[in-house]
1. Does E51 satisfy being surrounded by fewer than 18 Cβ atoms within 10 Å (Cβ to Cβ) and assigned to a loop (DSSP other than H, G, I, E, B)?
2. Hey, does the stretch 58-81 have a residue that's more than 15 Å from L35 (Cβ to Cβ), modelled with pLDDT of 80 or more, in a helix (DSSP H, G or I) and within 15 Å of the chain's Cα centre (by Cα)?
3. Looking only at residues that are at pLDDT below 85 and closer than 21 Å to E68 by Cα in the stretch 1-23, which one is surrounded by the most Cβ atoms within 10 Å (Cβ to Cβ)?
4. Consider G29 against the criteria (1) small (G, A, S); (2) modelled with pLDDT under 85; (3) not in a loop (DSSP other than H, G, I, E, B): it satisfies all of them except one. Which criterion is unmet?
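The values are calculated or read from the model by the stated rules, or taken from the named source; none is laboratory data. Computed from a predicted structure; not experimentally measured. Counting neighbours? That spans all protein chains shown, and the Cβs are built from the backbone with ideal geometry, glycine included.
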Amino acid sequence: MGVYLSGHHHAFYPGVADGIAYISQACLGSGPRQLIGSDSAREPRGFTWFELNTDRLRIASLVAPNFEEVVLWNSLPREIATVGAILRRADLADVAVVPLPIESLPTSSGKDSGSGQGD
């Protein structure tokens, strides 16, 4: 599986196209935006956490300012269409990219137990 990491969009989205995972990073600084090609609201400030195992990539976007909750994947659009591509949300595609629940993070207080996987 190929993985492409991008911070250009300033909005978290775990997408897949043609078997490649395109992970758009959350924005911790100024300027978070709405997802390109969607009608969603502006994404919250946060950062993206990755864990790579031998069989899968687990990802969470932790929401500022306390980083005690994650962006639930099922709150994101099922797909995002742009002029050049259609990205399908990774949990709906046949790839080894899955949500990382907040309680799995090393500094987690366990306040949010939802992984947000699926619809």
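1. On the way: surrounded by fewer than 18 Cβ atoms within 10 Å (Cβ to Cβ): yes; assigned to a loop (DSSP other than H, G, I, E, B): no.
It is false that E51 is surrounded by fewer than 18 Cβ atoms within 10 Å (Cβ to Cβ) and assigned to a loop (DSSP other than H, G, I, E, B).
2. Quick first cut of the stretch 58-81, residues more than 15 Å from L35 (Cβ to Cβ) only: 58-60, 62-70.
Now drop any that are not modelled with pLDDT of 80 or more, which leaves 58-60, 62-70.
Narrowing the set further to residues that are in a helix (DSSP H, G or I) leaves none.
There is no residue in the stretch 58-81 that is more than 15 Å from L35 (Cβ to Cβ), modelled with pLDDT of 80 or more, in a helix (DSSP H, G or I) and within 15 Å of the chain's Cα centre (by Cα).
3. Across the stretch 1-23, the extreme among qualifying residues is A11.
4. Going through (1) small (G, A, S); (2) modelled with pLDDT under 85; (3) not in a loop (DSSP other than H, G, I, E, B) one by one, G29 breaks only (3).
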